[in-house]
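A quick write-up on the structure given underneath.
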Amino acid sequence: MAEPIVQVRNLTKRFGDFTAVDGVSFDIRQGEILGLLGPNGAGKTTSIQMLLGLITPTAGEIRIFGLPFDRHREEILGRVNFSSTYVSMPQALTVEENLRVVGKLYGMDRITSRIDDIVKRLEMEEFRTKITRKLSSGQMTRLSLAKAFLTAPKVLSLDEPTASLDPDIADKTRALIKEIRRSTGLTVLYTSHNMREMEEMSDRIIFLQRGRIVAEGTSEAIKAVYGEADLEDVFLKLARTKPRA
Ligand SMILES: Nc1ncnc2c1ncn2[C@@H]1O[C@H](COP(=O)(O)OP(=O)(O)O)[C@@H](O)[C@H]1O
Ligand SMILES: [Mg+2]
């Protein structure tokens, strides 16, 4: 079998005395959608930010495309992208200008036709020329997704990508993610607080609690282990159980 596209070993992040991510290890295979689940403060965003090189791990190892992240940072980041609510883009630029900047930063060719394509797929035509500062949160989310898809990444991190979308756009966004995965073999790390969405999207789920992995497997396997019919009930059970010290 091919080597996993993402390999994380004993990943740890401490902020002062507080350990936000505590010795986490997992793999993501090529073309897989891995769901990262856990209550607020579990360490999901911190883990993702380390995978994206936005913050430096206190300890542990990350390999992406088989390459150690710390020594191949630029090469890796050219083939990785992300969408999240914490991304900030120049507020005075229009949506289209912001996408153009991203395309240039990644050294893309045919930028205009790629922007046309992604704007159409995410139904962004009506706010394409709007100033970013004036976007609604749902429009901002779509801009963040467009930015992520624009560069045709091999690995994509989507941190609560549907959080502020209406049910119609959220559904279309999930379909688009799956369609792009099917056509390009995209590998995805996914988070959401919507359990139905986690089940629908994730090939496999990792449940984080206080920085540690407390459950891992397909949603079916995790539900079976905890004797619950609903992932939501597994979530409540795990989130309300005190982890071992
Ligand atoms: N820069 C930081 N400084 C101090 N604590 C932080 C910082 N970033 C995150 N944390 C803490 O780390 C924990 C995990 O946060 P986070 O990764 O955002 O959780 P999640 O995304 O699962 O909700 C939280 O307790 C949070 O307050
Ligand atoms: Mg988070």
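Among the residues making up segment 12-68, those that are without any contact (Cβ under 8 Å) to a residue 60 or more places away in the chain, over 16 Å from residue 212 (Cα atoms) and of a type in the set (A, V, I, L, M) are 54, 55, 62, 67.
Flag: residue 29 matches the condition of being farther than 19 Å from residue 150 by Cβ, more than 16 Å from ligand 2 (Cβ to nearest atom) and in contact with a Pro (Cβ under 6 Å, 6 or more places away or on another chain).
Among the residues making up segment 82-132, a single one is among the charged types (D, E, K, R) and in contact with a strand residue (DSSP E or B) (Cβ under 7 Å, 6 or more places away or on another chain): 130. Of the set (1) closer than 29 Å to residue 200 by Cβ; (2) within 15 Å of ligand 1 (Cβ to nearest atom); (3) among the small types (Gly, Ala, Ser); (4) more than 17 Å from the chain's Cα centre (by Cα), all apply to residue 38 but (4). In segment 75-84 there is at least one residue that is touching an Asp or Glu at 6+ places or on another chain (Cβ under 6 Å) and either part of a loop (DSSP other than H, G, I, E, B) or modelled with pLDDT of 95 or more (or both).
Whenever a residue of segment 151-162 is without any contact (Cβ under 8 Å) to a residue 60 or more places away in the chain, its partners that are within 16 Å of ligand 2 (Cβ to nearest atom), lying with C-beta atoms within less than 8 angstrom and at least six residues away or across chains, give the pairs 162/141; 162/192; 162/194; 162/197. The combined condition, being of a type in the set (A, V, I, L, M, F, W, C) and within 27 Å of residue 19 (Cα to Cα), is not fulfilled by residue 176. If you go through segment 85-101 and keep only what is part of a loop (DSSP other than H, G, I, E, B) and under 23 Å from residue 52 (Cα atoms), you end up with 85, 86, 87, 88, 89, 90, 91. Just give me the residues in segment 32-66 being more than 16 Å from ligand 2 (Cβ to nearest atom), in a loop (DSSP other than H, G, I, E, B) and β-branched (Val, Ile, Thr), in sequence order. The answer is 56, 58.
Results for (1) among the polar types (S, T, N, Q); (2) more than 27 Å from residue 53 (Cβ to Cβ); (3) part of a strand (DSSP E or B); (4) modelled with pLDDT under 95, shown as yes or no for each residue.
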position	(1), (2), (3), (4)
164	yes, no, no, yes
172	no, yes, no, yes
182	no, yes, no, yes
221	no, yes, no, no
237	no, yes, no, yes
243	no, yes, no, yes
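If the condition is being of a type in the set (Phe, Trp, Tyr) and either at pLDDT 95 or above or surrounded by 14 or more Cβ atoms within 10 Å (Cβ to Cβ) (or both), then segment 85-118 contributes only 106. Restricted to segment 196-219, and to residues there that are away from ligand 2 (no atom under 16 Å from the Cβ) and in a helix (DSSP H, G or I), the residue that is nearest to the chain's Cα centre (by Cα) is 201.
If you scan segment 138-167, which residues turn out to be surrounded by fewer than 21 Cβ atoms within 10 Å (Cβ to Cβ), small (Gly, Ala, Ser) and within 16 Å of ligand 2 (Cβ to nearest atom)? Residues satisfying the conditions are 163, 164.
The values are calculated or read from the model by the stated rules, or taken from the named source; none is laboratory data. Keep in mind that what you see is a predicted model, and the values were worked out from it rather than measured. Don't worry about glycine lacking a Cβ; one is built from the backbone with ideal geometry, like all the others, and counts go over all protein chains shown.
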